[in-house]
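Everything on this sheet refers to the single structure shown next.
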Amino acid sequence: MFNALVNWRNWRLPVKLAAVLIVPVFIAVGAGVLQIHSHMQRAETYAALQRLVKVRAALIPVIEGVQAERRIIAEGSGPQVLSEQVKRTDEARTALRGQIGKTSLSEVVTARMDDVHAKIGGLPALRERTTDVPGVIKEYTALAESMLDMDEVIAGEFGDAALSRTAMGLHHALHVQEEVLYQQAVVLSGLTRGQLTTAEVRTLVESNVKLGYIAGQFAALATPEQLNTYWTTKFNGPDIEAHRKMLATAVLHPTSDAPATGNGTSSKPKPLPIAASDWRKASGAVSTSLDGVVTGLQNDLRDTANRLRDETSDAAGTASAVLFASLILAGTIGFVVGRYLLRSLNALRRSALEVAWHKLPEMVATGRGSTEIEPVPVDTTEEFGQVARAFDAVHQQAVKSVIEQAAMRANMRNIFVNLSRRSQSLVERQLRLMEELEKYEEDPDQLANLFKLDHLATRMRRNNENLMVLSGGDVARRYTRPIPLTDVLRAAAAEIEQYQRVMVHTAPNAEVVGYVASDLVRLLAELLDNATAFSPPHTQVSISASIEAGDIVQIDVVDHGIGIDQEALAVVNHRLEAAGEGADVQVFREMGLFVVGRLAARHQIVVRLDAQQGKGTRAIVLVPAELAPRREESWESFRGEAIEQLPVRPAMPGQTPNPASGSASWFESPVAAAPPPPAPARQSPESARGFLDAFQRGVQRGLPDRQESR
């Protein structure tokens, strides 16, 4: 790393150009980022204050709901009116909880909020206490005071000087309104009974003193505009004066628990000389005026918070724009300086990558293309132009080589296909000839030799078919109708040289479609050939089939050889998949597995190998349900007879089918079969028994030398 930095001559051209501008750009970026970060922090602070404003806006309806319930209980309006107000209060509480859930509050505010929630939890029981009105008013007042304390704590969170005065002024306005509504409830309670008690008069006096003190605090904190708008104009009217006079009358009127007169006689005090409607109207007018004050201050607080956040956001945006403009200017200077050099280099680089990643790979894949090339778009005669012309020459030679190689591969593939087809035709003729010879041969030694030749010819036929598969061609042997799965397994076993070692288990009642059956037989034959080749000669190889979930046919080929280690097994399975994707043929021992992969990919068949070291190898073949559908049971199939009765050639006396060549009867032969020979004369029982003995001895002698008879 240090050597790369010191050796600046090897730096790329853009790096060299950037090194000239990096110092002034870093200084500008550092200063701009610090300023933008400061503005963003202030904007985030104002956003938090906006959320606090929303919390206070949701708290005020809850306070008003509690105050309204207190007034309804004090004047005895009835349960219907109370239930409607309770519903509105509960809706306000729900809105408050939702807003609190969206806001991150400090520990002090959270503690106050928990206290308020604890007291609000006693509201249902408090609403049922209709007999003790003074006690209920006291409890409601304590709850309202607790919520006002919470509002005061929230107001203290507004640390900005432009917001703190308005926030505290709003709190004082709410407190003044609480005192007015408390006085309203106490006097309404006394009017309902006729007189006030001494304790109620004392609380009214204390409330009036507190009201004056809080009003003074509001006047001290409010701005001149707020004081002129919300205080002077709203608290100079007949309703305010009427409220003061009626409150003084209620306080000075004798109470219901006043001490007796000096003459020893007691007389019941007269009722309060105040009409409930007049008191309700005057106190309601004062509360309405205070509602206007609260609403105005709340709007001022919200608008101020929004304005401050917008200003800080605009400042951050301006700083970002200035920083961005500076970077653009620096980048423009660098672009102007190095534009000429970089344009030629980029054109050369793009052309080279286009040829390497797209044009040549596409030509190699398709084997087609024009020998005309598109020159690199650099028309200068200096060094970059000379490099471009040199690359054009390389491109021209590469295109010619690709076309020649593609033509050579196509010719070789056609040669292999033609040779395999010719050899296939000769092998088929050879198999038919040996089949005719086997029918009438009675000498056991000669019959054994014919069987050996038959096995060799069968392997030659399969090798020719594999060569056609590897060359991309198609074989001539095709089944013309659906084949039972059991017959497919037996045909695959008959295709290999050591067929006597294969144990074919009973297969499910399914049929393989005709166009797939021949490829499936070839696929299974390759797997069986591998299993017999890589397992001890005294062991058997089993092939079985079962129907799994989704009607998928699973065919298992299991041997008892030494198995494959996990690393080699993963490589083999990977090559099976790669064969289906058209990868290069793996020569030597893996040629058969490549044929298996090609055949499996042709019909969407899945082939996997599974093995354990020292416990043999298991080949799993999964055939889709649509390629091997279930076959319905019938009486003919139960008796072992084919549902479709085809004309067959009558067997000759003493004739025994050959497993290695019997599978060819399922195929549609491309060459017309020769007419059957005339039937020989009827043999005597002794001659027939002698022929069968000779046939059995010939079969035993025709087995491979290294295989035991089973």
Study note, to complete from the structure: With x for Gly and Pro, the residue-by-residue ³J(HN,Hα) of the stretch 302-308, computed from phi through the Karplus equation 6.51 cos²θ - 1.76 cosθ + 1.60 at θ = phi - 60° and given in whole Hz, is 5, 5, 5, 5, 5, 5, 5
Point to revise | Convex hull per residue volume in Å³, alpha carbons only, for the stretch 139-223 | key: 77 Å³
Check your understanding: Using r as the Cβ-Cβ distance of Asn299 and Glu241, and R0 as 25 Å, what FRET efficiency do you calculate, to the nearest 0.05?
Key -> 0.35
Exercise for review: Grab the Cα-Cα distance for Ala276 and Ser544, subtract it from 0.36 nm times how many residues apart they are, and report the gain in nm with one decimal.
Suggested key: 86.3 nm
Check your understanding: How many nm is it between the label spots at Arg389 and Ala199, if each spot is 7 Å from the Cα in line with the beta carbon?
Key -> 11.3 nm
Practice item. Filter the cross-link list Lys87/Lys270; Lys138/Lys270; Lys210/Lys281; Lys87/Lys245; Lys102/Lys138 down to pairs whose alpha-carbon distance in this structure exceeds 29 Å. Key: Lys87/Lys270; Lys87/Lys245; Lys102/Lys138
Check your understanding: FRET efficiency for Thr288 and Ser104, Cβ-Cβ distance as r, R0 = 30 Å, nearest 0.05?
Key -> 0.30
Review point. Karplus couplings for the stretch 507-515 from phi (6.51 cos²θ - 1.76 cosθ + 1.60, θ = phi - 60°), rounded to Hz, Gly and Pro as x?
Key: 9, x, 7, 9, 10, 8, 4, x, 6
Check your understanding: Simple spin-label model, 7 Å along Cα-to-Cβ: Glu567 to Tyr515 in nm?
Key -> 4.4 nm
**Study point:** For Ala510, residues with placed amide H under 5 Å, excluding near neighbours
**Key:** Leu485, Thr486, Arg631
Check your understanding: Under 20 Å from the 7 Å Cα→Cβ point of Glu354, by amide nitrogen: which residues of the stretch 372-391?
Key -> 372-381, 384-391
Revision key, fill the gap. Rounded to one decimal in nm, the spacing of the 7 Å Cα→Cβ label points at Leu252 and Glu436 is 14.8 nm
Practice item. Sort out for me the Cα centre separation of the stretch 108-171 from the stretch 53-85, rounded to whole Å. Key: 13 Å
Review point. Using θ = phi - 60° and the Karplus form 6.51 cos²θ - 1.76 cosθ + 1.60, what ³J(HN,Hα) does each residue of the stretch 78-85 get, whole Hz, x for Gly and Pro?
Key: x, x, 5, 5, 5, 5, 5, 5
Exercise for review: Evaluate E = 1/(1 + (r/R0)^6) for Arg422 and Gln446, where r is the Cβ-Cβ distance and R0 equals 35 Å; express this FRET efficiency to the nearest 0.05.
Suggested key: 0.75
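Every number here is computed from the coordinates shown, using simple stated rules; none is lab data. Quick caveat, the model's predicted, so the values are computed rather than measured. Cβ coordinates were reconstructed from backbone atoms using ideal geometry, including for glycine residues, and neighbour counts include every protein chain displayed.
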